[in-house]
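The values are calculated or read from the model by the stated rules, or taken from the named source; none is laboratory data. Everything quoted here is computed from the prediction, not taken from an experiment. With ideal geometry, Cβ positions are generated from the backbone for all residues, glycine too; neighbour counts draw on all protein chains shown.
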Amino acid sequence: MKNRFKRFKKSFCYILFCTFSVLHGQDKKNSFPITLSIFNESTVMPFTSFFTLPIHSGFQFSTELNYNKILRNRLFQTFGTSYYYHQYLNQSVTVFTELGYEFRTNLGIETSFLLGIGYMRSFRTSTEYEFDNGSYKKSRNLGVGRFVPSFSLETGYYIFPKNAISSKVFLKYQTWIEYPFSPNFIEIMPHQNVHIGVKFYI
């Protein structure tokens, strides 16, 4: 457990380093937004907990486009991919898009709401066997595809509040479901991801 906390700390410090290393390019008009985060995944009902143990770590990479360019009120869409490893359940790769709304104060504090949809490929983290021709053989682990709608709440801080392409650090709570999880038994499985991340421009 201590090793996982250390890895999380190192990852977050690295993300912060990346943010500050690109601040010199903040005046570019045609900069490209990059969002990176690490997160803790858990299988819980929505809004019933925030931080859970043990840690099931993951990371997310995305970019976005704006539907308007108003500094304090922004409608935008994200496109990205994520990966997580759940020791007792699965490991998964997801591609997704989200529609988001962001409000930014003059002090640089922002609040965002995001609705998303994605496709997840889930792979077992344990070995399974099947009975074949009188003996048990290891079954193939090709993964299972599922749809993953999501809802996220985010708060963050823009380092340069008056700059439209300022870097920011943020904390995000994301609740999502995978469907179908187990047809005719458990149709949906609720999850949550708690993210710590940064957005910067290149």
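Assorted remarks:
- Residues located in the stretch 18-46, provided they are hydrophobic (A, V, I, L, M, F, W, C) and either surrounded by fewer than 11 Cβ atoms within 10 Å (Cβ to Cβ) or at pLDDT 90 or above (or both): F32, I34, L36, I38, F39, V44, M45
- Index of the failed condition, E187 passing every other in (1) within 30 Å of G108 (Cα to Cα); (2) of a type in the set (D, E); (3) exposed (fewer than 15 other Cβ atoms within 10 Å of the Cβ): (1)
- Selection from the stretch 94-142 of residues that are in a strand (DSSP E or B), of a type in the set (G, A, S) and modelled with pLDDT of 65 or more: G100, S112, G116, G118, S122
- Criterion (small (G, A, S), surrounded by 15 or more Cβ atoms within 10 Å (Cβ to Cβ) and either more than 11 Å from the chain's Cα centre (by Cα) or at positive phi (or both)) met by exactly one of S92, S57: S92
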